[in-house]
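Heads up, the thing below is written out as structure tokens.
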Amino acid sequence: MAKAKTEVIEKVEEDAVETKPVKGVAKLEEEGDIAADYLEALLDIADLDGDIDIDVENDRASLAIVGGKLSHLVGREGEVLDAIQELTRLAVQTATGDRSRLMLDIDNFRANRRTELTKLAKEMAEEAKSTGASIKLAPMNAFERKIIHDTIQELGLSSESDGEDPNRCVVIYPA
């Protein structure tokens, strides 16, 4: 009897880990609207020009501020962008009561970084295959590591994150 109960508990735990709550498109669009209102107010306060594009992709609200002179809102290596994204997530959470996973891009920084990191991942995957050795990349933030992991997985190799933030990095393993 105890064994059967343990198996049921383990199955419930496995199901809980495998199922990630997915928000509906309407809820994500609402997050995007709230975030856009917050960002518009922020741009007005700073007397900056920029258009806000709202989309839903990969089960999350996605916003981009384009136009105008916005590179200072990106900062060195995206640090200011990351801070604005976190503030925007907090504004959405305050309004909805739910944690937000929205993504924010400013001045195409994340889009350009995605292209660079995809290229890097492909090059390092080739090197791992040809040398048969694992490759440890430089420390990256969570957004950057996810791009590397996704690209490596698409190429049929495996990767893991190693270390603690802010020195957390990706290790690519040969096939």
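The figures follow:
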read-out	value
Filtered residue count, the stretch 69-95, keeping only those that are surrounded by 14 or more Cβ atoms within 10 Å (Cβ to Cβ) and farther than 14 Å from ALA36 by Cα	8
Residue that is surrounded by the fewest Cβ atoms within 10 Å (Cβ to Cβ) [pool: residues in the stretch 34-53 that are β-branched (Val, Ile, Thr) and out of contact with any Asp or Glu (no Cβ under 7 Å at 6 or more places or on another chain)]	ILE45
Any hit, the stretch 109-131, residues being on the phi > 0 side of the Ramachandran plot, in contact (Cβ under 8 Å) with a residue 40 or more places away in the chain and either polar (S, T, N, Q) or outside the structural domain of ASP49 (by TED's automatic domain parsing) (or both)	no
Entirely in the stretch 96-175, the strands (runs of 3 or more DSSP E) that have 2 or more residues that are closer than 17 Å to GLU79 by Cα	103-106
Scan of the stretch 34-91 for residues that are without any contact (Cβ under 8 Å) to a residue 40 or more places away in the chain, over 15 Å from PHE109 (Cβ atoms), in contact with a strand residue (DSSP E or B) (Cβ under 7 Å, 6 or more places away or on another chain) and part of a helix (DSSP H, G or I), ordered by number	ALA36, GLU40
Residues of the stretch 101-135 that turn out to be over 26 Å from GLU29 (Cβ atoms) and in contact with an Asp or Glu (Cβ under 7 Å, 6 or more places away or on another chain), as a count	2
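This table checks each residue for (1) of a type outside the set (Phe, Trp, Tyr); (2) within 29 Å of ALA41 (Cβ to Cβ); (3) in the same structural domain as ALA64 (by TED's automatic domain parsing).
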{"position": "ILE84", "(1), (2), (3)": "yes, yes, yes"}
{"position": "GLY97", "(1), (2), (3)": "yes, yes, yes"}
{"position": "ARG101", "(1), (2), (3)": "yes, yes, yes"}
{"position": "PHE143", "(1), (2), (3)": "no, yes, no"}
{"position": "ILE147", "(1), (2), (3)": "yes, no, no"}
{"position": "THR151", "(1), (2), (3)": "yes, no, no"}
{"position": "LEU155", "(1), (2), (3)": "yes, no, no"}
{"position": "GLY163", "(1), (2), (3)": "yes, no, no"}
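For (1) of a type outside the set (Ser, Thr, Tyr); (2) surrounded by 12 or more Cβ atoms within 10 Å (Cβ to Cβ), each residue gets a yes or a no:
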| site | (1), (2) |
| --- | --- |
| ARG145 | yes, yes |
| ILE148 | yes, yes |
| LEU155 | yes, yes |
| SER158 | no, yes |
| ASP165 | yes, no |
| ILE172 | yes, yes |
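The values are calculated or read from the model by the stated rules, or taken from the named source; none is laboratory data. Predicted model, so just to flag it, every value in this text is computed and none were measured. We place every Cβ from the backbone using ideal geometry, glycine too, and count neighbours over all the protein chains shown.
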